[in-house]
Protein chains: 2
Amino acid sequence: MAQPPRARARRGTHPTIEDDTMRWSLPPSEMPTTWFNVLPRLKEPLPPPLHPATREPIGPDDLAPLFPMGLIAQEVSTDPEIEIPGEVLDVLRLWRPTPLVRATRLERALGTPARIYFKDESVSPAGSHKPNTAVPQAFYNKQEGVRRLTTETGAGQWGSALSFASAFYGLECKVYMVRASYLQKPYRRVLMETWGGSVVPSPVDQPDHPGSLGLAISDAVKDAVTRSDTHYSLGSVLNHVLLHQTVIGQEAQAQLRLAGEDHPDVVIACCGGGSNLGGISLPFVPDERVRLVAAEPSACATLTTGRYEYDFGDTAGMTPLLLMYTLGHDFIPPSIHAGGLRYHGDAPIISALVRSGRMEAVAHPQTATFQAAVQWARTQGTVPAPETGHAIRAVIDEALAARERNREEVILFNYSGHGLLDLSAYDDFLHDRLTS
Amino acid sequence: MAQPPRARARRGTHPTIEDDTMRWSLPPSEMPTTWFNVLPRLKEPLPPPLHPATREPIGPDDLAPLFPMGLIAQEVSTDPEIEIPGEVLDVLRLWRPTPLVRATRLERALGTPARIYFKDESVSPAGSHKPNTAVPQAFYNKQEGVRRLTTETGAGQWGSALSFASAFYGLECKVYMVRASYLQKPYRRVLMETWGGSVVPSPVDQPDHPGSLGLAISDAVKDAVTRSDTHYSLGSVLNHVLLHQTVIGQEAQAQLRLAGEDHPDVVIACCGGGSNLGGISLPFVPDERVRLVAAEPSACATLTTGRYEYDFGDTAGMTPLLLMYTLGHDFIPPSIHAGGLRYHGDAPIISALVRSGRMEAVAHPQTATFQAAVQWARTQGTVPAPETGHAIRAVIDEALAARERNREEVILFNYSGHGLLDLSAYDDFLHDRLTS
C-alpha cells in the first residue's frame, strides 16, 4: 500500500505520462484505538471553566445536567491517551481511516517545490470531520441512559453529524438551526431528517429573527436542562470534542510515514471553534519542528483580533465561562458563507496554543478563500466546503512562499469537508455577488 | 489490506463489540490498466447501428463529425482488452480504485444470511461513476485536436462529470440541461460552472418547454455538427461508454478475492442507459455462475416492458438507429426523481444480454426505492442517489429472499452515486409528497 513519495508507481508495460496520483489508504483495522490528549502536554495547565453565576471554577456536577459523566471525565482528564470504545470504533470505521492524499496537481499548478498532503475528512457520511465526535458523544449518552439529544447548528454540518450519529445509537435528535440557514439551506435540513433528526429554526421564540450560533446554543441548552431524558451536545470548542478529533492527526502521522516523510514542516487547518484544527494539529504539538497554523475568516477573526479573556460560549450567558480568544459573546459576525467559522470564540486549547506562541493564526477575506477553492476544484477535482477554502488559501500562500525561498517544504492540511451543500456560495462567487 | 470475510479484525487489547466494518481499498497503482471488452464475448455479434436517413449500417466516417477516431475505433473493436492511456489513468487515479465495502449493518437489519458487497462509485469528484468515461472521452478528443465538447444532461450527473473532465484537459464544455432540471436543480448547474463548464437550458429554441433528455441530445448534437472545433459526448448507451465503465467490475473482482469470495452469486445495478450496470456487470458475463440483474423504474420500464427494435437515441431522430429495448424515441417519461433513469432506450449491449436471457431485469415504483434508500441511510450512513436507490431496492429484495431460503448468497451491487444534490427528492419522500 505504501508508495515512497517520488518512486512513482509504474506497472509493467503501462507507464503513465504523469503518474502522480498518490493516496495512502489504511484498512479499518489500522485506525487508532486511542485518542491523543494534549492537556498533559501543554506547558501550563489550562485554566478551568467558571460557573456563569458564581464565576467560581465549575465541577463535574455543574455539567451533569448537560453532559454524560463519560464526556465530563474526558473534559478534565490528564491521561496522555484515552481508549476509544469498541462500539465507537465500529461506527467510525464505516469511513475511517480517511485517506491521506498528495495534491500533486495543485503543486504543479503553483510551480512550487513544496509537497502538499491533505487528510480527506470529506469522505464521512455527513461530509466533514464532525462525525468523529458526534459518534462518541452519542455513544456515551446512550450508555448512560439518555434517550434524546439537543444541539444547535449554523451551516448545518454539525447538526447533520449528530443526526447521523444518533441514528446509529437509536437516540432522538433535536437540532436548533440558525433561522437564516434553515431558510436558505433546505438541503441540510433534509439531510438531517433523512437520518431521522428533527430540525426547527432558532431562535424559537422570535420568529422574525435571522438567528445566530450563540442564540441557537441557548435554545438547545434550555431544552436539555428542562427535560430529564435529554442531554446537550456541542460540536466544537470543548476539550473532549477536540480530543475525539485527534484520530485525524494520528492517522496522518502513520500515513506520512508510509509516504516516506519524517515530519511535516507545517500543519494547517481552518478554525471556527477549533475542532478540525485541533484534530489534525494536536498530535503534532510535542514535535517542535512542526509549525501549526490556524486559518480564520477576516469577518470573524477571533484569534488574530480578539481578546484573550473569560467569556460565555453562548449569547444568552447560560454556559460556563471559558478562557479563550473572543470577539465578545454578543458579537454577531457578518453573514459569510463559511457558516462553520462564524463563532465569537475559540476552543480554550487552541486559544492557549496561540497565546503561548506554539500556534500561528492568519485571517483571509472570503473572496480570497473562494479563489483558492475554485483553483482547487479545477486542479484537484473536488469542491471544498467554504470553511475548507480558508485552509486551502493558507496552503497556497505557504506553497508560494516555499517557491520564493526555493524550499522543499512539507505541508499537511485538513480537507475538513466538501462543499456540495454549499454550492450557492460558489454561485455567488462565480457571478461576482460576494460581498466581502 | 485484505481481511477474510469472517475473520474479523481485532487489535491487541482493544476488541470491538461488533467489529464488522470491512472495506477493501486498493492503492492507485493497482487500478486496472485495460478496459474489458464484452463484444467478443457475446454469443452473437451485436447488430450495427443504422444511418438515420438511409437505414444502412453506418461506418466510422458517419460518426466522425461527432466523435474522435479513438472512440469510434473502440465502439466497434473486438479486442478482448483495450489499453487505458497513461494520461487517462493519471486522472482516474485521483479517486480510483474505489473501495469495495461490505454492508454488514444492512445485512444485520435485514436478518439475512446473504453477504452484501458494494462498489462505492460515489467517491469520485462528481459524485458518481460518470467520470470513468468522461475522462477518456475528454482525453481522446483533446488528443485529436478538438477544442470544445457539447453534451446534454438530465439530472446533472453526466454534465457534471464532463465539465470536471474537460477542466483537466483544457477543453471548453457546453452542457444542454433539461430545462425542468435547470430550474429545479441550480446546485448541479453551479457545480458544472465551478469546473468551468457553461450550462444552458434545453430546448434552446422553445423557452417555455420543460425539456427532455431526447430533446437535449438533439440540441447538443446540432451544436457539435455545426462547429468544426467541436465534438459531442454521450454519457451512456454506446459501446465505448460501457467499455470505459468496466474498471468498476474489474476492480470488484480483485477486491472480492481479497475479501475471500470466489465469485458473487448475483450482480445488481440500476439501469437508465446502462452504463453503471455495464460497468460492474460486463466483466462477469463470461462467468455463468453469476446472475446479472438490472433494476429500473416502473415509470420508465424499458427492459421489462419495452420493444426490442431499432430506434433513435434522441427525440428529433438525428442520431443513428440502435437495436435496443425502447419505449419509443418520442416517449416522455413521468417526472420521477431518478432523472438518470428517465431514458426511452437502453444500451444495445445491455439490451442484447437481456434479450438472450443472460441478464434479468426488475422494475420498482419510486416510493419503494426511496424506502430502501432511507433504510440504507439509517443503517449504512450514506445517502444514495435516487437512481442508486433502485439498485438498493433490488438488493434488499434479493437479501430477503436469501433469508427465506436460508442461503448464504453473495450479492455485489454498484453504489453508483450519492444523493447529496438530490435531497429535495428525499424531502418529498419524507413528507409524503411523492407522486408514484
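The values are calculated or read from the model by the stated rules, or taken from the named source; none is laboratory data. Source: prediction; values computed, not measured. Counting neighbours? That spans all protein chains shown, and the Cβs are built from the backbone with ideal geometry, glycine included.
Laid out as a table, the results:
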quantity	calculated
Meets criteria (more than 14 Å from every other protein chain (Cβ to nearest Cβ), polar (S, T, N, Q) and under 30 Å from A:THR98 (Cα atoms)) for B:THR194	no
Qualifying residues in the stretch B:327-353 (those that are crowded, with 24+ Cβ neighbours inside 10 Å and β-branched (Val, Ile, Thr)) - the one farthest from B:PRO48 (Cα to Cα)	B:ILE350
Answer residue from the stretch B:280-313, given it is surrounded by fewer than 18 Cβ atoms within 10 Å (Cβ to Cβ) and of a type in the set (D, E, K, R) and is nearest to B:ALA363 (Cα to Cα) among those	B:ARG307
Selection from the stretch A:11-48 of residues that are facing chain B (nearest Cβ under 8 Å) and modelled with pLDDT under 60	A:ARG11, A:GLY12, A:HIS14, A:PRO15, A:THR16, A:ILE17, A:GLU18, A:ASP19, A:ASP20
Per-region count, the stretch A:152-169, residues touching a helix residue (DSSP H, G or I) at 6+ places or on another chain (Cβ under 7 Å) and under 17 Å from A:ASN276 (Cβ atoms)	11
Scope the stretch A:70-124; condition within 11 Å of another protein chain (Cβ to nearest Cβ), within 23 Å of A:TYR415 (Cβ to Cβ) and part of a strand (DSSP E or B); matching residues	A:VAL101, A:ARG102, A:ASP120
Test for A:LEU282: is it assigned to a helix (DSSP H, G or I), touching a strand residue (DSSP E or B) at 6+ places or on another chain (Cβ under 9 Å), modelled with pLDDT of 95 or more and over 30 Å from A:ASP432 (Cβ atoms)	yes
Options A:ALA363, A:ALA373, A:ALA338, A:ALA301: the member that is more than 16 Å from A:GLY214 (Cβ to Cβ), of a type outside the set (S, T, N, Q) and modelled with pLDDT under 95	A:ALA338
Filter result (of a type in the set (A, V, I, L, M, F, W, C), under 14 Å from B:PRO49 (Cβ atoms) and assigned to a helix (DSSP H, G or I)) within the stretch B:228-247	B:VAL241
Selection count where residues are part of a loop (DSSP other than H, G, I, E, B), in contact with a strand residue (DSSP E or B) (Cβ under 8 Å, 6 or more places away or on another chain) and more than 14 Å from chain A (Cβ to nearest Cβ), scope the stretch B:391-430	3
Any hit, the stretch B:157-168, residues being in contact with a Leu (Cβ under 7 Å, 6 or more places away or on another chain), more than 10 Å from chain A (Cβ to nearest Cβ), in contact (Cβ under 8 Å) with a residue 60 or more places away in the chain and surrounded by 24 or more Cβ atoms within 10 Å (Cβ to Cβ)	yes
Qualifying positions in the stretch B:309-346 - part of a loop (DSSP other than H, G, I, E, B), within 20 Å of the chain's Cα centre (by Cα) and within 16 Å of B:GLU152 (Cβ to Cβ)	B:GLY313, B:ASP314, B:PRO333, B:ARG342, B:TYR343, B:HIS344, B:GLY345
Pairs where the first residue, in the stretch A:323-342, is under 22 Å from A:ALA425 (Cβ atoms) and the second is surrounded by fewer than 24 Cβ atoms within 10 Å (Cβ to Cβ) and modelled with pLDDT under 90, C-beta under 7 Å, 6+ apart	A:PRO334/A:SER436; A:SER335/A:ALA180; A:ILE336/A:SER436; A:ARG342/A:PRO333; A:ARG342/A:ILE336
Pairs with Cβ under 7 Å, 6+ apart, first in the stretch B:256-270 and closer than 12 Å to B:PHE284 by Cα, second of a type in the set (Ser, Thr, Tyr)	B:VAL267/B:SER281
Residue list for the stretch B:248-279, restricted to those being assigned to a loop (DSSP other than H, G, I, E, B) and surrounded by fewer than 24 Cβ atoms within 10 Å (Cβ to Cβ)	B:ALA259, B:GLY260, B:GLU261, B:ASP262, B:HIS263, B:ASP265
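Here's the yes/no breakdown for (1) more than 30 Å from B:PHE168 (Cβ to Cβ); (2) in contact (Cβ under 8 Å) with a residue 60 or more places away in the chain; (3) in contact with a Ser or Thr (Cβ under 9 Å, 6 or more places away or on another chain); (4) part of a loop (DSSP other than H, G, I, E, B):
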{"site": "A:ALA352", "(1), (2), (3), (4)": "yes, yes, no, no"}
{"site": "A:GLU360", "(1), (2), (3), (4)": "yes, yes, no, no"}
{"site": "A:ALA368", "(1), (2), (3), (4)": "no, no, yes, no"}
{"site": "A:GLN371", "(1), (2), (3), (4)": "no, no, no, no"}
{"site": "A:ARG378", "(1), (2), (3), (4)": "no, no, yes, no"}
{"site": "A:THR382", "(1), (2), (3), (4)": "no, yes, yes, yes"}
{"site": "A:THR388", "(1), (2), (3), (4)": "no, yes, yes, no"}
